[in-house]
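FYI, it's all coordinate maths here, none of it is from the lab. For clarity, every value in this text was computed on a predicted model and none was experimentally measured. With ideal geometry, Cβ positions are generated from the backbone for all residues, glycine too; neighbour counts draw on all protein chains shown.
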Amino acid sequence: MTMTTHEPSTGTATRPDIASRLLVPGFWATVSIVVIWLAVLFDGIFGDNMTWTDSSSQVTVMPSVVVVALFAMIATGSIAKRVFGRKDN
């Protein structure tokens, strides 16, 4: 008579659970980039202007979204390079 032994299954589940999908760094990088640009959007809609007056009483006016968008571009580039950049190992 032949006897077979059953070993415990060591394979992974066919469908990963929600926790393993949320722990992917690319997900959080994407979320942070979206939030950064939403902040730029809301500053563009609801933000105020920045005004400067020099010694000759000349007033310079610039929307605040210009400065926020500049820093958003820098942050987006940094996050994208860090998380989505190529890894040459």
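For the chain, the longest principal axis of the Cα atoms and the long axis of helix 25-46 meet at an angle of about 20 degrees. With a Förster radius of 25 Å applied to the C-beta separation of VAL24 and PHE71, the computed FRET efficiency comes to 0.45.
For the peptides 54-60, 43-49, the ranking by packing is 43-49, 54-60, with the highest mean count of neighbouring Cβ atoms within 10 Å listed first.
Using alpha carbons only, the radius of gyration of the chain set against its Kirkwood radius gives Rg/Rh = 1.43. Taking the fewest neighbouring Cβ atoms within 10 Å as the starting point, the ordered list for TRP52, TRP37 is TRP52, TRP37.
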